[in-house]
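Note sheet for the following structure.
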Protein chains: 2
Amino acid sequence: MSRNVTIKDIAKVAGVSISTVSRILNNAPLVTPEKRQKVLEVIGQLGYEPNASAQGLVRGKSMTVGVLTQDIASPFYNEVARGIDVGFSGTGYQPIFVNGHWEAQDEASAVAALIRRQVDGLIILGGRLPEQQLHALSERFPLILVGRYVPGLEHCCMRVDDLQGAYLATRHLLELGHRRIAHIAGITSHRDAVERFEGYRMALTDAGIDFDESLVYEGEFDEPSGILAVESWVTKGVHFSAIFAANDQMAYGARLALYRRGIRVPEDVSLVGYDDLPASSFSLPPLTSMHQPLFEMGELAAQTILTRLQDQDCEIPQIAVTLSVRESTRYHRR
Amino acid sequence: MSRNVTIKDIAKVAGVSISTVSRILNNAPLVTPEKRQKVLEVIGQLGYEPNASAQGLVRGKSMTVGVLTQDIASPFYNEVARGIDVGFSGTGYQPIFVNGHWEAQDEASAVAALIRRQVDGLIILGGRLPEQQLHALSERFPLILVGRYVPGLEHCCMRVDDLQGAYLATRHLLELGHRRIAHIAGITSHRDAVERFEGYRMALTDAGIDFDESLVYEGEFDEPSGILAVESWVTKGVHFSAIFAANDQMAYGARLALYRRGIRVPEDVSLVGYDDLPASSFSLPPLTSMHQPLFEMGELAAQTILTRLQDQDCEIPQIAVTLSVRESTRYHRR
DNA sequence: TTGTACGCGTTATCAT
DNA sequence: ATGATAACGCGTACAA
């Protein structure tokens, strides 16, 4: 409605030139204390806020970093987003979040929107953008890829060892004496889902257990998938004493389906999730889950891109995962 | 790293003037098909994206709407955010999310950042910004206040009747025969927490039940609060057959504490939450909860501000709440 | 110490 | 039908 206050307005009211005002705003030296005083006064009265578009234009920097997330409402991505938010706070840079919805199409147009907004850097969480496009992007500005591995872009990738994580989760169950361990896999077009499945298989193999295909259900990373998995096994009469779900949300679903069938956790069946969402500490029973430091990863992504934005080099460390052992797993009694 | 492609570049390569290119980009009439063809070709090759800052500068519109949320990782705000996201998709407008952390200080600086970015409108989710500032903001640009009621800004407020919601939730328990209904309240400086408490009280009063202060615990809208509430009652020997929590997260905490104490839900104690988060359908047992159409509210907020951005008037309807009855509540047997 | 003038990339208003 | 050119708000080199 009402036009924004500009430097010009301030200059006019304070009776000085616009460059003087500009100098004061960027606290450059060489200004009479009186004028500075006067101008600052006027600024306070008029409620001036610099126009970021204009600043971006002339400076060639937008002080903005794009964040491409897949699902703005997923608890998984939100923890990372929170870390990113904290990582940028007080730095002058502002993250802009856009959604890819796990569709290369949407992701591409979201990235285009960010480029139009002149982002100085880009953080991409997961997604399906073709590697070729990622290469192209990495040549425009600093780029961080969280949870993705792209050959040739190693210095941009923040990797979590999903294979190792799944291996450890499965071994935890094996060490508790479980032999028939079912697995609810994620969407097979997601790299992390495949790696987690591989880790599960590998742990079984190393323990000298034959892989049984009937113990694997392919889910979609959401709660209903967990329900369907358990229902499918129970219906088919498949026996198991433990379940390893490729993420917590599917574990929640499985937990509910087991409850409905009168199967107790952990007395009858042990349950392990993956991601260790905040809610898992409070689920019933508290869920044993593979912990990824999502918040820290977000923070680290922000810090890394921040230092690269100042043309400094810095490595991205491999992210370590640790199992949060809670009450959903226990010894298997034969 | 590499400078962005500009209209100038395209004009040079295509051998035309910048105004011609601009015309083609804004598909204005009066251009030779051949030139149009040629320019479009060059644009495709060079991968041009218009500079939104420059466009914003000259047009006086940034095609951007600010969204002030309180906690980027709260499942509550995220559902609304998702609605907002969907509401804006394909409109040319882009939402920019910033965080207030429930601190008037942070909120103010977040809003300042949005103003610097020249947002054309503002959606505020909850928060503690003084009413005076909200009034000032509403004079700058279209403003939508979700979950807040400010005198004089009625046309900006999207209200949910928390009092009514709490009343209905409590009455549900009363109708099931419960008389000793405990309440886990929210942070008392939040209006919705107070209203929910009032609704609870009012329902009791209408049912001819005396208010018992020992049945109320003041929590902080998070899971640990729910645990502490139950622990405090059990420790003090307070008896109750039902709990009404002012939000789902506190209900989850209460559920866990009851479980640890060997108190079954719903056999021994009925449990009602508020917000009906997506996860509540899959909790153990599925939680009876007061449903607020969070996603729809976000979508509506986006649509409303969108129409106001085009100087059209439009009313914001009162949002209705409905109880999602699930398995955490049942008849009280005396 | 201060003010003038130019340029950032784009749109819009003029001439041509 | 097309091409100069003046804005938009800001930072800054340069002149005063």
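The values are calculated or read from the model by the stated rules, or taken from the named source; none is laboratory data. Bear in mind that the values here come from a model prediction, so they are computed numbers and not experimental data. Neighbour counts run over all protein chains shown; Cβ positions are idealised from the backbone, glycine included.
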Residues of segment A:52-62 being touching a helix residue (DSSP H, G or I) at 6+ places or on another chain (Cβ under 7 Å) and within 11 Å of DNA strand C (Cβ to nearest atom), in sequence order, are A:SER53, A:ALA54, A:GLY56, A:LEU57
Considering each residue of segment A:1-47, count those that are near DNA strand C (Cβ under 10 Å from one of its atoms) and more than 30 Å from B:ARG308 (Cβ to Cβ), and give that number. 23
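Tally time: how many residues in segment A:24-49 are touching a Lys or Arg at 6+ places or on another chain (Cβ under 6 Å) and in contact (Cβ under 8 Å) with a residue 40 or more places away in the chain? Let's see the steps before the verdict.
Restricting attention to segment A:24-49, the residues satisfying the condition of being touching a Lys or Arg at 6+ places or on another chain (Cβ under 6 Å) are A:24, A:31, A:49.
Filter once more, so that each one left must be in contact (Cβ under 8 Å) with a residue 40 or more places away in the chain: A:49.
Residues flagged as touching a Lys or Arg at 6+ places or on another chain (Cβ under 6 Å) and in contact (Cβ under 8 Å) with a residue 40 or more places away in the chain within segment A:24-49 amount to 1.
Just name the residue that is nearest to the other protein chains (Cβ to nearest Cβ) out of those in segment B:70-87 that are among the charged types (D, E, K, R) and surrounded by fewer than 21 Cβ atoms within 10 Å (Cβ to Cβ).
B:ARG82
Taking A:GLY90, is it of a type outside the set (Ser, Thr, Tyr), within 26 Å of B:VAL98 (Cα to Cα) and either within 14 Å of chain B (Cβ to nearest Cβ) or assigned to a strand (DSSP E or B) (or both)? Explain how you work it out, then say what you get.
Details: of a type outside the set (Ser, Thr, Tyr): yes; within 26 Å of B:VAL98 (Cα to Cα): yes; either within 14 Å of chain B (Cβ to nearest Cβ) or assigned to a strand (DSSP E or B) (or both): yes.
Taking the combined requirement at face value, the residue satisfies it.
If you take the residues in segment A:98-119 that are in a helix (DSSP H, G or I) and facing chain B (nearest Cβ under 7 Å), which one is surrounded by the most Cβ atoms within 10 Å (Cβ to Cβ)?
Going residue by residue through segment A:98-119, those that are in a helix (DSSP H, G or I) are A:104-116.
When the remaining residues are screened for being facing chain B (nearest Cβ under 7 Å), the result is A:112-113, A:115-116.
Values: A:ALA112: 13, A:ALA113: 19, A:ILE115: 21, A:ARG116: 17.
The extreme case among them is A:ILE115.
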So, B:ALA242, is that one buried (at least 16 other Cβ atoms within 10 Å of the Cβ) and either under 18 Å from B:THR170 (Cβ atoms) or of a type in the set (A, V, I, L, M, F, W, C) (or both) or not? yes
Among the candidates B:VAL119, B:VAL80, B:VAL150, B:VAL86, which residue alone is among the β-branched types (Val, Ile, Thr) and under 19 Å from A:PRO50 (Cα atoms)? B:VAL119
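Which residue out of B:ALA81, B:ALA54 is within 25 Å of A:PRO95 (Cβ to Cβ), away from DNA strand D (no atom under 16 Å from the Cβ) and assigned to a helix (DSSP H, G or I)? So that I can check it myself, show each step before the final result.
Values: B:ALA54 fails: away from DNA strand D (no atom under 16 Å from the Cβ).
That would be B:ALA81, the only listed residue that is within 25 Å of A:PRO95 (Cβ to Cβ), away from DNA strand D (no atom under 16 Å from the Cβ) and assigned to a helix (DSSP H, G or I).
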Among the numbered conditions (1) closer than 18 Å to A:GLY186 by Cα; (2) at pLDDT 95 or above; (3) away from chain B (no Cβ under 11 Å), tell me where A:TYR252 comes up short. (3)
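Could you grab me the full set of residues in segment B:8-23 that are more than 17 Å from B:GLN37 (Cβ to Cβ) and either within 8 Å of DNA strand D (Cβ to nearest atom) or in contact (Cβ under 8 Å) with a residue 40 or more places away in the chain (or both)? Walk me through it before giving the result.
Just the residues of segment B:8-23 that are more than 17 Å from B:GLN37 (Cβ to Cβ), to begin with: B:8-9, B:12, B:18-19.
B:ILE18, B:SER19, listed by residue number.
Determine, yes or no, whether A:VAL67 is surrounded by 15 or more Cβ atoms within 10 Å (Cβ to Cβ), within 11 Å of chain B (Cβ to nearest Cβ) and more than 9 Å from DNA strand C (Cβ to nearest atom).
Details: surrounded by 15 or more Cβ atoms within 10 Å (Cβ to Cβ): yes; within 11 Å of chain B (Cβ to nearest Cβ): yes; more than 9 Å from DNA strand C (Cβ to nearest atom): yes.
Yes, satisfied.
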Would you confirm whether or not segment B:122-133 contains a residue that is closer than 19 Å to B:GLU299 by Cα and either surrounded by fewer than 17 Cβ atoms within 10 Å (Cβ to Cβ) or touching a Pro at 6+ places or on another chain (Cβ under 7 Å) (or both)? no
Subset of segment B:168-212 [surrounded by fewer than 22 Cβ atoms within 10 Å (Cβ to Cβ), in contact with a Lys or Arg (Cβ under 8 Å, 6 or more places away or on another chain) and under 30 Å from B:ALA104 (Cβ atoms)]: B:SER189, B:ARG191
Taking the stated definitions as given, is A:LEU122 modelled with pLDDT of 95 or more, over 19 Å from A:PRO317 (Cβ atoms) and within 13 Å of chain B (Cβ to nearest Cβ)? yes
Return yes when A:PRO95 is touching a Leu at 6+ places or on another chain (Cβ under 6 Å), within 11 Å of chain B (Cβ to nearest Cβ) and modelled with pLDDT under 95 and no when it is not. no
Any residue in segment A:303-325 that's loosely packed, with under 14 Cβ neighbours inside 10 Å: show its pairings with residues that are of a type in the set (A, V, I, L, M, F, W, C) at Cβ separation under 6 Å, as long as the two are six or more apart or on different chains. A:THR307/A:CYS314
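Restricting to segment A:308-334, what's the tally of residues that are farther than 21 Å from A:LEU168 by Cβ and in contact with an Asp or Glu (Cβ under 8 Å, 6 or more places away or on another chain)?
Taking segment A:308-334 first, the residues farther than 21 Å from A:LEU168 by Cβ are A:308-316, A:333-334.
Restricting the remaining residues to those that are in contact with an Asp or Glu (Cβ under 8 Å, 6 or more places away or on another chain) gives A:309.
Residues in segment A:308-334 being farther than 21 Å from A:LEU168 by Cβ and in contact with an Asp or Glu (Cβ under 8 Å, 6 or more places away or on another chain): 1 in total.
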